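Here's the structure, in structure tokens; my notes come after.
The values are calculated or read from the model by the stated rules, or taken from the named source; none is laboratory data. Nothing here was measured: the structure is a model prediction, and the numbers come from that model. Ideal geometry is used to build each Cβ from the backbone, glycine not excepted, and the neighbour counts take in all protein chains shown. Side chains are part of the model used for accessible areas, which takes the heavy atoms of the whole protein and leaves out ligands, DNA and RNA. Shrake-Rupley method; radii C 1.70, N 1.55, O 1.52, S 1.80 Å.
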Amino acid sequence: MTKSKTSLLLTQTLINSWLYLYQVNDGEYYDKAYQDFLKTLKRIPLEDNEIFARGREFEKQVINGEYKEIYDIIKGGSYQVSKKKELVVDNLDFTVYGIADFVKNGVIYDTKRVNQYELQKYQYSSQHLIYLYLFDDCYEFTYLIVDNTDTFYEETYKRNDLTMTIDTLIHNFISFLKENNLFNIYLENWKGK
């Protein structure tokens, strides 16, 4: 397999920004989602907002033990664990990169604070697929979720149950970029370090 000379960085933030386009039906919301995707693709930082601030505050509260159910699960685990891995898809070199909230005993944990939770909320997220690829010593990815009523939920994905491969996900992403004349923007802005 011929490898390209440039490694392209790939993160779950970028991929989820793209996947979100498929979840938005309404024209007005799609336009905003598309503009947000373009900002991410161009690596223009999204404006800090209440949602980001709330997420940071929630993470601090979890670490400080204010959400006992979650704290008891993540206690003793490693916090903010970064990983990167090289991969070739469609003759292109990629550096896949991510930072897991917590890793403990073969499980990756990601904390989420949401307004409302619905069953399998994260089934179409790329996060568990990408992180299970990065952390090949882990067998499971679990979202630890708290909603506005402070109800706690867990949503778990096991490596053996994944229906898509990282190669297919990346292939689909690159195909979308090429079909929509966005591939050069990706090349310009996501060269790996």
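Computed quantities for the displayed model
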{"read-out": "Hits in segment 184-193 - residues which are part of a helix (DSSP H, G or I) and closer than 16 Å to T11 by Cα", "value": "I185, Y186, L187, E188, N189"}
{"read-out": "Cβ pairs under 6 Å, 6+ apart, first in segment 140-155 and within 20 Å of F102 (Cβ to Cβ) and touching a residue at least 12 places away in the same chain (Cβ under 8 Å), second aromatic (F, W, Y) and part of a loop (DSSP other than H, G, I, E, B)", "value": "Y143/Y122; I145/Y117; D147/Y117; Y153/Y117; E155/Y122"}
{"read-out": "Subset of segment 101-127 that is touching a residue at least 60 places away in the same chain (Cβ under 8 Å) and part of a loop (DSSP other than H, G, I, E, B) - its residue that is farthest from A53 (Cα to Cα)", "value": "Y124"}
{"read-out": "Among (1) at pLDDT below 95; (2) farther than 29 Å from F58 by Cβ; (3) open to solvent by less than 50 Å² (accessible area, probe 1.4 Å), the one test that Y122 misses", "value": "(2)"}
{"read-out": "Some residue of segment 146-157 being surrounded by 14 or more Cβ atoms within 10 Å (Cβ to Cβ) and touching a His at 6+ places or on another chain (Cβ under 8 Å)", "value": "yes"}
{"read-out": "Cβ pairs under 7 Å, 6+ apart, first in segment 66-88 and touching a residue at least 60 places away in the same chain (Cβ under 8 Å), second open to solvent by 40 Å² or more (accessible area, probe 1.4 Å) and basic (K, R)", "value": "I74/K104; V88/K3"}
{"read-out": "Those residues of segment 104-119 which are on the phi > 0 side of the Ramachandran plot and open to solvent by less than 50 Å² (accessible area, probe 1.4 Å), in sequence order", "value": "G106"}
{"read-out": "Any hit, segment 131-138, residues being in a strand (DSSP E or B) and either at pLDDT 95 or above or within 15 Å of the chain's Cα centre (by Cα) (or both)", "value": "no"}
{"read-out": "Per-region count, segment 3-49, residues among the acidic types (D, E) and at pLDDT 85 or above", "value": "2"}
